[in-house]
Each structure stands twice: as C-alpha cells, then as structure tokens.
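Asker: Take a look at the following structure, please.
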C-alpha cells in the first residue's frame, strides 16, 4: 500500500544529540585555546547547568559563562565559542543509510514528508545542510503549523494533505512527540531508537535501530 | 625606532569587500538552487537596494527579499541564503603576506594592535577565523572603546597604553576613519589601497598597495 511517510529531523535523519555535544565541546576548547584560564571540566559543568537553567535555545550561554567567570575581553571568548560551535553545527551529515532509503521510498511510490517541532528557519537550515531539502514532498514545522507536535498538529497536517490517518506513518525518536500523539489520531508509527531518548519504553507499531531497511517494513504496513 | 602599530581589520588584514560580495552571490544562488523562481540579476538588484536602504548590518535582508517576491515557504529560502552566506563568510583568509609581516614586526620589537570600528563579537570573530587573534598585543574595538574611529577614539586608546602619538602608526584602508582622525592626534599614518575605498585621495604619510614590505617602511618612520 502506498503511504504518506512523515519523518522527524533531530536524531531521526541525523545524529543531532551527538553533534550538539561535539559542538559544545569544540566551543569550550576554542575558548581555552584563545586564552580562557579555566579547566575544561569546570567550563563544561557550568555550561551544562546554564543549558539546564535557560534552555538549549537561549542565545547567550557563552556570554553568561564569561560573566560567571569574570572574564576580561568576553567578546573574544564569545566569538571563539560561537565560531567553533557553528563550524561544528554546519558540518552535520545524515545517518549514512538515510539518502538512499528516502530515494528508494520515493521510487516505490510513497510520499515522504518532514514533521518536526521547532523554529522554521533553524529546521530548514538543518535539511539544507544535510543535503535533504529537496527530497521531501512537503515540510511541516510546528512554528508554521501553529502548534507543537500533538494530536492537533498531526490532524492539521493530515487535513491539509487531504489524507486518511490509516494511510500515514510517523517515524521519529521521541515517544512523547512522535509516537503517542500520532497514534492518537490513528496514524501508524515507527520509533527509531537513536539519541538521548533511545531508552524510553516504546508503544509504537514498530521499533527499529536503523532506518536502512525501512522500505522492507513498509511492506508490512 | 620601536613603534606601536595599529591595524584596521576590514580590507586591511583581509579582502573584506570581496568576501562580502561573494557571500551575497552564494546566498542568492542557494535561494535559486532550492527553488526560488527568480532570475539572479533581479535578485541581486533587489538585495543591493535593500542593503542601500537598510544598511549592511540589518539582519533581515533575506526575509525582506522573500516578502517582496511573495515567496511561499520563506523560511526555506532564508535558511538556504543564510547558510550559504555564513559558509562563505566563515572561510575568510588574510591577505597572504599578512601573517609573516605581523610576525616579522613582532620579531623586530614593535608592538602591534588592532584598531577597528564595529561590534566586538563580530570583529573578534573575524580575527579568530583569520587565524590572527593571538598575534596582537591588544585589540581595540569601537564598541568597547565607547566611540567610533575619531580623534577621541585614538586619544583614548593611546592614553590607555600610555604611549605618545609620535611613537604610533595607524594602518588602514579608509581615509575618513583610519587616516584623518589618527593624523589629527599626531600619529603617523599608512594608507593601504585595498577594497572599495582604494580610489579616495590619500593624505597619509605613506600609501602602499601591499603590506608585504611594511617592515621596510618602518625603518623610515
């Protein structure tokens, strides 16, 4: 049966958690390389507690870090951190089996879409840097849909495509955002066990460790 | 005589005007590559008029461009443009003779500094990406000095270093920001004929086309 397949982005199309951790590490090392007098471990602990307190989308983590450390010339350290962070973040690549899997699904006649939470420009930026932006029939981002992933989010996008839930599959790494609300509206669900949420128990129809044989699973749906 | 030598950044240490033009070109081509239905020449004319109207530091040129063109999915085009723009801007390199010239001046016993207009983090970002951030004895940026390049700017930094104007040389590409106000406080001046201002008449003590033989000029100061 030809299906409408919806993919989450982070930790589904590429190892987002790994890249974020590497970007933070490279940023802190760049601050030290340019002369910040602080041990890596202490810097990392401070940064993690700032991220916990302010959220990961807060734009001034490195500024705050300099304030806490009372650093002279904070602009120098912020610039070094941001340059290293963005340099790492701009070299993201998809899980190696993703491009050929997506092309195979399209060849088989399925429609493929992105369904993701987040800021529109940031999520498009990821698809562009991953080299996947032109693969999808459509891209649904919560900022544009008007609501975060929830039964309402999925209802709205299915309605806009004029498709039945039973003809749709949601694929993602998160039980709370990708699986539970998609099931609630009647979509089929596939949970990919990647990233920091991989140990949460799954209620999805299928769980997989790699997306490489997704087109085989599609024959069972 | 051992001197305090102050360098401007843009179009003095690296070809800033060329990189900006290339970054804009790559950004517009990325918008077209991702599906924007508009000719390059028309896009470029629109962008240049937006830059003229809003200034080059305005952060929403590409958003405005999408609005003018009534583009569907503007986030996609903005993300493509910004990614290509930053990718180009992050590959800046110094004029090839700069690193060895700076090291030679330091070896000869001169002190070298940066004196630049602009936002602190942005200007540090350039020094870091150019690989030059650790070369200088100190970096003076208008945002931190509290005033743009002017007689007051130069007086303040000379005072903070406790040096006489006659022991100082300012090197830059701009007559208005680098040469005239530095001369006014009694510094020596060297005008480098690079970038879009290279045809403005010069009143500097020396004009040079390349910084490669700067350490020879230093013997005449």
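Bear in mind these aren't lab numbers, they're just calculated from the coordinates by the rules spelled out. Quantities reported herein were computed from a predicted structural model and do not represent experimental measurements. All Cβ positions, even for glycine, are placed from backbone atoms using ideal geometry, and neighbour counts span all protein chains on display.
Asker: Taking the Cα atoms only, what angle lies between the long axis of helix B:40-54 and the longest principal axis of chain B, rounded to 10 degrees?
Answerer: Between the helix axis and the principal axis of chain B, the angle is about 60 degrees.
Asker: Gaussian network model of chain B, Cα springs within a sub-10 Å range: biggest mean-square fluctuation belongs to which of B:125, B:45, B:108?
Answerer: Per the Cα network of chain B with a 10 Å cutoff, B:45 tops the list.
Asker: As a footprinting exposure proxy, order A:65, B:161, B:48 by other Cβ within 10 Å, with the fewest listed first.
Answerer: Lowest to highest Cβ neighbour count: B:48, B:161, A:65.
Asker: Here's another thing I want to ask about it. Note the distances from residue A:109 to each other copy's matching label point, with points 7 Å along the Cα-to-beta-carbon direction, in nm, sorted shortest first.
Answerer: 8.5
Asker: Quick one: grab the alpha carbon gyration tensor of the range A:83-221, order the square roots of its eigenvalues as a ≥ b ≥ c, and give me rounded if a/c is under 1.5, else prolate or oblate depending on whether a/b is larger than b/c.
Answerer: rounded
Asker: Could you work out the mean count of beta carbons from other protein chains within 10 Å of each residue's beta carbon in B:78-85?
Answerer: 5
Asker: While we're looking at this one, here's another question. Looking at chain B as a GNM with Cα springs under 10 Å, which of B:152, B:53, B:18 has the largest mean-square fluctuation?
Answerer: B:53
Asker: Could you tell me which of rounded, prolate or oblate describes the range A:1-138, using a ≥ b ≥ c as the square roots of the eigenvalues of the alpha-carbon gyration tensor, with rounded for a/c under 1.5 and, failing that, prolate when a/b is larger than b/c and oblate otherwise?
Answerer: prolate
Asker: Compute the label-point distances linking residue B:213 to its equivalents in the other copies; points lie 7 Å from Cα along Cα→Cβ; give nm, one decimal, shortest first.
Answerer: 7.2
Asker: Another question, if that's okay. Before anything else, pin down the relative contact order of the range A:17-89: Cα pairs under 8 Å, at least 6 apart, normalised by residue count, whole percent.
Answerer: Over the range A:17-89, the number comes to 51 percent.
Asker: For B:38, B:66, what ranking results if the residue with the fewest other Cβ atoms within 10 Å of its Cβ goes first?
Answerer: Ranking B:38, B:66 by Cβ neighbours within 10 Å, fewest first, gives B:38, B:66.
Asker: A further question follows. Pairwise over distinct Cα atoms, reciprocal of the mean inverse distance: report the Kirkwood radius of the range B:17-89 in Å, one decimal place.
Answerer: With all distinct Cα pairs of the range B:17-89 included, I get 12.0 Å.
Asker: Another question about this same structure. Using only the Cα atoms of the range B:90-146, build the gyration tensor, take square roots of its eigenvalues as a ≥ b ≥ c, and label the shape rounded, prolate or oblate: rounded if a/c is under 1.5, else prolate if a/b is larger than b/c, else oblate.
Answerer: Since a/c reaches 1.5 but b/c is at least a/b, the shape of the range B:90-146 is classed as oblate.
Asker: Quick one: helix A:16-33 against the long Cα principal axis of chain A, what's the angle to the nearest 10°, folded into 0 to 90?
Answerer: Relative to chain A, helix A:16-33 is tipped by roughly 10 degrees.
Asker: Another question about this same structure. Could you check the spin-label model distance between residue B:49 and residue B:160? Points 7 Å from the Cα along Cα→Cβ, value in nm.
Answerer: Inter-label distance under the simple model: 4.2 nm.
Asker: Let me ask something else. With labels modelled as points extended 7 Å from the Cα through the Cβ direction, what inter-label distance (nm, one decimal) is found for residue A:104 paired with residue B:134?
Answerer: About 4.8 nm separates the two model spin labels.
Asker: Please give the FRET efficiency for residue A:29 paired with residue A:57, using the beta carbon to beta carbon distance and R0 = 25 Å, rounded to the nearest 0.05.
Answerer: Approximately 0.65, to the nearest 0.05.
Asker: In nm to one decimal, list the spacings between the residue B:33 label point and its equivalents in the other copies, with label points set 7 Å along Cα to Cβ, shortest first.
Answerer: In ascending order, 2.6 nm.
Asker: Separate question: Averaged over B:126-138, how many beta carbons belonging to a partner chain fall within 10 Å of each residue's beta carbon?
Answerer: 2
Asker: What list do you get for A:150, B:49 if you sort them by fewest beta carbons within 10 Å?
Answerer: Ordered from fewest to most neighbouring Cβ atoms within 10 Å, A:150, B:49 come out as B:49, A:150.
Asker: While we're on this one: Ignoring everything except DSSP H segments at least 4 long, calculate the 222 nm mean residue ellipticity for chain A; use -39,500 (n - 2.57) per segment, divide by total residues, nearest 500.
Answerer: Computed ellipticity for chain A at 222 nm equals -13500 deg cm²/dmol.
Asker: Determine the relative contact order of chain B: mean sequence separation of Cα pairs under 8 Å and six or more apart, normalised by residue count, in whole percent.
Answerer: 25
Asker: Taking the Cα atoms only, what angle lies between the long axis of helix B:98-107 and the longest principal axis of chain B, rounded to 10 degrees?
Answerer: 20
Asker: In a Gaussian network model over chain A where Cα atoms closer than 10 Å are linked, find which of A:73, A:144, A:209 has the largest mean-square fluctuation.
Answerer: A:73
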